[in-house]
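As structure tokens, the structure follows; a few thoughts come after it.
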Amino acid sequence: MKRILAVMFLVSIVGIILAAPYNTTIRVLAWDDALTQALKAGIPDFEKATGIKVVLELIPSGNLLQKIGVSVSVDKTDYDLVTVDEPFIPSLAHLMMPFDRWGSGKVFKKPPLNVFAPNAFEAAQWGGVFVGMPINANVYIWITRKDLINDAKNRSEFKAKYGYELGVPKTFKELRDMAEFFHSKGIYGFAPFTKQTEGSTAEAIFMFEAFGTSPLTVEGGRVVVSLDEKKAVEAINFYKDLIRFAPPGALDMGHAERIAAFNQGKVFTMFQWPALVPQHEDPNNSLVAGKIVYSAPPVGPVKGSAIRGCWVLAMPNATKNKDAAAEFAYWWASLETGQKLIPKGFTPARADLLLNPNFNKDRPWFKAIFDSMRNAVARPRFIRYPEASQIIRDNWLAAISGKVTPEEAVRKMKNDLSELIKK
């Protein structure tokens with residue numbers, strides 16, 4: 001009898017070991033929004049499957065860079081995984097383990113790069129090396145009032161005046177025409193982003209890229225100032241023209257102001273980040289819920305562009321829990337996790353989830369995310385990006401507000417960026 005009990009005990013122990021191959025705790029630092037809140041709902045399943053206890057710390061996105069700066073160093077880290085907004089990858093890359101050195105995974109397998117949305121993995125690249133894994137496909141998408149473009153009277157009047165069909169603006173010319181048309185009918189044609197925050201830098205880059213120029217590029221491993229003055233001035237002037245059709249206070253609009261104006265039915269079209277879309281589709285707080293069509297942004301005079309802002313899950317070189325940390329990353333990126341957590345507010349990076357017809361029924365913006373990622377552009381890849389962003393933003397806002405001429409703003413932007421690169 002004792003022998004039988006001993007065998008049963010050993011079998012049970014082996015079963016536990018096989019069922020949960022790890023017995024450790026990992027600490028994960030992430031930004032706090034609907035996506036990461038949804039992630040929390042799935043962690044008990046991950047812990048049960050792996051034996052890995054997860055301590056997930058969520059903080060406001062604006063505080064993450066500073067938190068990582070004081071918590072992660074070359075030889076010490078308080079976290080086994082950290083989430084990094086892609087513009088800050090260059091400044092933190094030296095602290096992170098290249099993705100090709102992450103383990104293959106025991107319970108959740110390492111995903112191949114081709115399962116992710118187009119250009120998503122480039123968010124994790126620095127110096128030709130992927131230093132993490134994208135865990136959302138965050139990119140500019142375009143939102144347009146479906147009820148307004150489907151209105152027969154609007155369609156008839158628009159075609160009579162402009163000579164083509166009213167619809168989702170596909171080009172900058174159409175965007176400008178439609179903004180003007182609806183403004184003349186008492187609806188603001190466009191809502192800009194003009195707060196003194198990173199969002200205004202993103203708008204500047206979006207417009208510059210659409211007109212065929214970039215403030216900074218990497219050439220031969222070196223960051224160089226590459227802004228074409230003529231094209232940059234054209235971009236500024238076009239944006240100033242659009243602002244004429246924007247709501248009052250257009251020179252001080254951020255996320256809160258734009259969301260409120262659109263949800264009140266006052267705005268025809270504008271860009272939006274995917275994480276904020278659910279606020280537009282909440283019938284308790286939005287007059288336009290169910291009345292929105294989602295698409296990639298209109299194409300500029302030179303090319304289509306959509307600002308990418310993927311969050312990258314990175315593993316500090318100093319972590320002592322490399323394999324366990326990789327398991328959590330692979331679980332986060334898995335098809336099964338996405339399928340379970342999307343209904344709770346999760347936004348995936350995987351193409352097979354973004355294009356899943358079942359999810360597209362309730363979340364039509366997923367397809368727009370995928371389409372926008374095809375033309376995704378990064379903000380300047382530069383170790384001193386925060387300073388570069390401030391220079392771009394300051395001069396952009398000075399120009400579109402009329403404080404200085406576009407020509408003066410562009411020259412100063414180039415000079416200030418050149419001085420920054422020399423430091």
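Tabulated data
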| quantity | calculated |
| --- | --- |
| One residue from 328, 268 being part of a helix (DSSP H, G or I), touching a residue at least 24 places away in the same chain (Cβ under 8 Å) and more than 20 Å from the chain's Cα centre (by Cα) | 328 |
| Some residue of region 219-226 being at pLDDT 95 or above and assigned to a loop (DSSP other than H, G, I, E, B) | yes |
| Odd one out for residue 205, checked against (1) touching a strand residue (DSSP E or B) at 6+ places or on another chain (Cβ under 8 Å); (2) outside any helix (DSSP H, G or I) | (2) |
| Test for residue 297: is it under 20 Å from the mean Cα position of the chain (by Cα) and modelled with pLDDT of 95 or more | yes |
| Residue match in region 20-31 (condition: open to solvent by 10 Å² or more (accessible area, probe 1.4 Å) and assigned to a helix (DSSP H, G or I)) | no |
| Residue within region 123-140 that is at pLDDT 95 or above, closer than 30 Å to residue 21 by Cβ, surrounded by fewer than 15 Cβ atoms within 10 Å (Cβ to Cβ) and under 27 Å from the mean Cα position of the chain (by Cα) present | yes |
| Near pairs, Cβ below 6 angstrom, 6+ apart or cross-chain, from region 157-176 (in a loop (DSSP other than H, G, I, E, B)) to any residue that is crowded, with 19+ Cβ neighbours inside 10 Å and among the small types (Gly, Ala, Ser) | 168/295 |
| Residues being in contact with a Ser or Thr (Cβ under 6 Å, 6 or more places away or on another chain) and either within 22 Å of residue 39 (Cα to Cα) or crowded, with 24+ Cβ neighbours inside 10 Å (or both) - total across region 297-312 | 2 |
| Qualifying positions in region 266-294 - over 22 Å from residue 200 (Cβ atoms) and touching a Lys or Arg at 6+ places or on another chain (Cβ under 8 Å) | 288, 291, 292, 293, 294 |
| Residue count, region 223-239 (criterion: among the charged types (D, E, K, R) and either crowded, with 19+ Cβ neighbours inside 10 Å or within 15 Å of residue 206 (Cβ to Cβ) (or both)) | 2 |
| Residue within region 177-189 that is among the basic types (Lys, Arg), farther than 21 Å from residue 379 by Cα and outside any helix (DSSP H, G or I) present | yes |
| Cross-chain or 6+ apart pairs with Cβ under 9 Å, region 289-300 first and more than 17 Å from residue 273 (Cα to Cα) and charged (D, E, K, R), then open to solvent by 20 Å² or more (accessible area, probe 1.4 Å) and in a loop (DSSP other than H, G, I, E, B) | 291/265 |
| Unmet requirement for residue 58, which otherwise passes all of (1) open to solvent by 10 Å² or more (accessible area, probe 1.4 Å); (2) over 21 Å from residue 347 (Cα atoms); (3) hydrophobic (A, V, I, L, M, F, W, C) | (2) |
| Among (1) in contact with a Phe, Trp or Tyr (Cβ under 7 Å, 6 or more places away or on another chain); (2) under 26 Å from residue 58 (Cα atoms); (3) open to solvent by less than 10 Å² (accessible area, probe 1.4 Å), the one test that residue 331 misses | (3) |
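Here is a yes/no grid of residues against (1) surrounded by fewer than 16 Cβ atoms within 10 Å (Cβ to Cβ); (2) aromatic (Phe, Trp, Tyr); (3) modelled with pLDDT under 95:
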{"residue": "3", "(1), (2), (3)": "yes, no, yes"}
{"residue": "7", "(1), (2), (3)": "yes, no, yes"}
{"residue": "13", "(1), (2), (3)": "yes, no, yes"}
{"residue": "41", "(1), (2), (3)": "yes, no, yes"}
{"residue": "62", "(1), (2), (3)": "yes, no, yes"}
{"residue": "72", "(1), (2), (3)": "no, no, no"}
{"residue": "84", "(1), (2), (3)": "no, no, no"}
{"residue": "101", "(1), (2), (3)": "yes, no, no"}
{"residue": "109", "(1), (2), (3)": "yes, no, no"}
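Each row is one residue, and each column tells you yes or no for (1) modelled with pLDDT under 95; (2) aromatic (Phe, Trp, Tyr); (3) surrounded by 19 or more Cβ atoms within 10 Å (Cβ to Cβ).
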{"position": "147", "(1), (2), (3)": "no, no, no"}
{"position": "170", "(1), (2), (3)": "no, no, no"}
{"position": "185", "(1), (2), (3)": "no, no, no"}
{"position": "190", "(1), (2), (3)": "no, yes, yes"}
{"position": "196", "(1), (2), (3)": "no, no, no"}
{"position": "200", "(1), (2), (3)": "no, no, yes"}
{"position": "208", "(1), (2), (3)": "no, yes, yes"}
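The rows are residues; the columns are (1) under 30 Å from residue 70 (Cα atoms); (2) assigned to a helix (DSSP H, G or I); (3) aromatic (Phe, Trp, Tyr).
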position	(1), (2), (3)
290	no, no, no
324	yes, yes, no
342	no, yes, no
396	no, yes, yes
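The values are calculated or read from the model by the stated rules, or taken from the named source; none is laboratory data. These figures come from a predicted structure and were not determined experimentally. Cβ atoms come from the backbone with ideal geometry, glycine included; neighbour counts cover every protein chain shown. Only protein heavy atoms, including side chains, enter the accessible area calculation; ligands, DNA and RNA are left aside. Shrake-Rupley method; radii C 1.70, N 1.55, O 1.52, S 1.80 Å.
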